[in-house]
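The values are calculated or read from the model by the stated rules, or taken from the named source; none is laboratory data. Worth saying up front: this structure is predicted, and the values here are computed from it rather than measured. Note that we place each Cβ from the backbone using ideal geometry, even for glycine, and neighbour counts take in every protein chain shown. We work out accessible area using only protein heavy atoms, side chains counted, and drop any ligands, DNA or RNA first. Shrake-Rupley method; radii C 1.70, N 1.55, O 1.52, S 1.80 Å.
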2 protein chains.
Amino acid sequence: MPFADRIRHCNSYDPARAMPLWAGEHRIGWLRRDNAEALARHHHVFEIGHHGARLRTTGDADAISHTVDRVVDTLVTARLVPKWRNETFDVAPHWGDPPIFRLDRGAVPFFGVRAYGVHLNGYRRDGDRYSLWIGKRASNKQVSPGKLDNMVAGGIGNGYGAAATLAKEAEEEAGVTAALVARATAAGALTYRMETKLGIRDDVMFVYDLEVPEDFTPSNGDGEIAGFELMPLADVLERIRTSNAFKFNVNLVILDFAVRHGVLRPDDPEYLDVANGLHRAFD
Amino acid sequence: MPFADRIRHCNSYDPARAMPLWAGEHRIGWLRRDNAEALARHHHVFEIGHHGARLRTTGDADAISHTVDRVVDTLVTARLVPKWRNETFDVAPHWGDPPIFRLDRGAVPFFGVRAYGVHLNGYRRDGDRYSLWIGKRASNKQVSPGKLDNMVAGGIGNGYGAAATLAKEAEEEAGVTAALVARATAAGALTYRMETKLGIRDDVMFVYDLEVPEDFTPSNGDGEIAGFELMPLADVLERIRTSNAFKFNVNLVILDFAVRHGVLRPDDPEYLDVANGLHRAFD
């Protein structure tokens, strides 16, 4: 399978199947049309038109969050949102802006709200040969159970920034000390927009690299990762090409690592579709 | 000036002012509408419609190149193309494909054909502090005379790949030996589409990083660079923000360097527009 197919898989969003969700002048989500229909009876909270939907309720972030939560209650009851995650994400016009409201993580794809996460490539290097510490997701994870993952990854909850989320997840997921994670390098942002059975995932992944010492072995502390394995990058790339072993978006993070470290190179005919495809324009 | 304005400046392309140029089923360029009008009298070579233009002439790459060159002759006479550059770029459906024809570099923006180049960040590092070797473009350059530039940069001429172009330009422009340039790391591709007075620049920049030794000083051999200076990256970023000292697209290459090396970081509210804006989706 061409690497670009892994990227296409994460960009399955079809604008014809969705409508923008507005809050005032800000587009804050992409509602799949069947999800928009399911919101129509909550006309005191959301105004649903043919070309777009609009948040009607006003007030401060606490008030709007409370009102939207009551709608999410009904969506959970109707099984349109699988469950409360009891972790909220900020819904803001733009990265870094104060939130308009906070939304339970479980409802984020239903509304197609942009979500932000951090992904850490934990690697070792011997000359031009890289190895990556790869985690295997626990079998009881909500998303992609049993799939292979980066050494550390996690969503950015409300009020946390990227660096704070990275430090917290690195400690919980892989036993990375504060001193070690402080040596991680921010290395860019990847973007994709994907339709799932729940709605639209409009995701930004902030990627970090961390060269770990030879005597370091990650160890999971929160039960989210079943185990870790150090794999040569060449083997990882081969598995990305030939299997569905990796979580859908982790394929992208590892392809980006291979691009940034010159393991994939411009004279490869696949290169440009990979290097450019990892970044989706905002709209 | 926000860094993102440097990116916006390079993405001034307005689809309403241009039409696609087709060769068979492949879109090979973006013709500004006034340029399309200027081609109308060459109806044996180009069919100009309201919504698009089409290359009519057929044959192998040599035959088509010869026919298109005769049109370029008239464009040079009419001063719609400033001059023959006597260096040709491949015009292909897709990076790595065999060319449909070869086009003189001087005519590339007139037809809005995608052009590929290499840019090399020549840097030194002391812990977290980076310095970049910056070139000053000669005052007689066709494009951006006197502006600041990467240590090495150049367009990919027909038949050359990215790595071969990098090695050739590194030697000619900065006196980088083959042994040293072999240590450069391919680090990604940046894309932008810009309207200029000549037409549309639809550019792909393959970026490379090269950490150079302390005893290395670049020296120009082809007269294209007037001189080099080693500048702290923090000073370079400040000049990018506050002046027009750098060539328009070199701003993007340096911002990408700062993103990939964690000098710009995700918790900066500007970060995401920079990190994501450096990559324009293909269409």
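Can you confirm whether residue A:65 is in contact with a strand residue (DSSP E or B) (Cβ under 9 Å, 6 or more places away or on another chain) and surrounded by fewer than 19 Cβ atoms within 10 Å (Cβ to Cβ)?
Working: in contact with a strand residue (DSSP E or B) (Cβ under 9 Å, 6 or more places away or on another chain): yes; surrounded by fewer than 19 Cβ atoms within 10 Å (Cβ to Cβ): no.
No: the conditions fail for residue A:65.
Check whether at least one residue in the range A:103-122 is closer than 30 Å to residue B:268 by Cα and polar (S, T, N, Q), and report yes or no.
Yes, the range A:103-122 contains a residue that is closer than 30 Å to residue B:268 by Cα and polar (S, T, N, Q).
Set side by side, the residues A:127, A:122, A:146, A:175 differ, and just one is crowded, with 24+ Cβ neighbours inside 10 Å, of a type outside the set (Val, Ile, Thr) and farther than 30 Å from residue A:70 by Cα, which is A:122. Might you let me know whether the range A:210-225 holds any residue that is within 14 Å of chain B (Cβ to nearest Cβ), of a type in the set (D, E, K, R), in contact (Cβ under 8 Å) with a residue 60 or more places away in the chain and surrounded by fewer than 21 Cβ atoms within 10 Å (Cβ to Cβ)? Scanning the range A:210-225 turns up at least one residue that is within 14 Å of chain B (Cβ to nearest Cβ), of a type in the set (D, E, K, R), in contact (Cβ under 8 Å) with a residue 60 or more places away in the chain and surrounded by fewer than 21 Cβ atoms within 10 Å (Cβ to Cβ).
Of the residues making up the range B:30-48, one or more are within 23 Å of the chain's Cα centre (by Cα) and closer than 22 Å to residue B:156 by Cα. When the range A:182-197 is limited to residues that are over 29 Å from residue A:112 (Cα atoms) and free of Cβ contacts under 8 Å to residues at least 60 places away in the same chain, the one that is nearest to the other protein chains (Cβ to nearest Cβ) turns out to be A:185. For the range B:93-119, a residue qualifies if it is within 12 Å of another protein chain (Cβ to nearest Cβ) and open to solvent by less than 20 Å² (accessible area, probe 1.4 Å), and the qualifying residues are B:117, B:118, B:119.
Residues in the range A:254-283 that are β-branched (Val, Ile, Thr) and within 14 Å of another protein chain (Cβ to nearest Cβ): A:259, A:263, A:274.
State whether the residues of the range A:122-135 include one that is under 18 Å from the mean Cα position of the chain (by Cα) and within 14 Å of chain B (Cβ to nearest Cβ). Checking the range A:122-135: not a single residue is under 18 Å from the mean Cα position of the chain (by Cα) and within 14 Å of chain B (Cβ to nearest Cβ). Among the candidates B:215, B:209, the residue that is touching a strand residue (DSSP E or B) at 6+ places or on another chain (Cβ under 7 Å) and of a type outside the set (Lys, Arg) is uniquely B:209.
Residues in the range B:245-261 that are out of contact with any helix residue (DSSP H, G or I) (no Cβ under 8 Å at 6 or more places or on another chain) and either without any contact (Cβ under 8 Å) to a residue 12 or more places away in the chain or among the charged types (D, E, K, R) (or both): B:247, B:256. Residue check: residue B:200 meets all listed conditions (1) open to solvent by 30 Å² or more (accessible area, probe 1.4 Å); (2) more than 9 Å from every other protein chain (Cβ to nearest Cβ); (3) over 19 Å from residue B:149 (Cβ atoms) but one, namely (1).
I need the full set of residues from the range A:156-174 which are part of a loop (DSSP other than H, G, I, E, B) and away from every other protein chain (no Cβ under 14 Å), in order please.
If the condition is that a residue be part of a loop (DSSP other than H, G, I, E, B) and away from every other protein chain (no Cβ under 14 Å), then A:157, A:158 are the ones that fit.
Open to solvent by 10 Å² or more (accessible area, probe 1.4 Å) and touching a Leu at 6+ places or on another chain (Cβ under 6 Å): does that describe residue A:258? So residue A:258 fails the test. In the range A:100-129, the residues that are within 18 Å of residue A:31 (Cβ to Cβ) and at pLDDT below 95 never reach a residue that is surrounded by fewer than 24 Cβ atoms within 10 Å (Cβ to Cβ) and charged (D, E, K, R) with C-beta atoms less than 6 angstrom apart, at least six apart or across chains. Taking the numbered list (1) open to solvent by 30 Å² or more (accessible area, probe 1.4 Å); (2) over 20 Å from the mean Cα position of the chain (by Cα); (3) in contact (Cβ under 8 Å) with a residue 40 or more places away in the chain in turn, residue A:23 passes all entries but (1).
The residue list B:70, B:54, B:79 contains one member that is open to solvent by 20 Å² or more (accessible area, probe 1.4 Å) and assigned to a loop (DSSP other than H, G, I, E, B), which is B:79.
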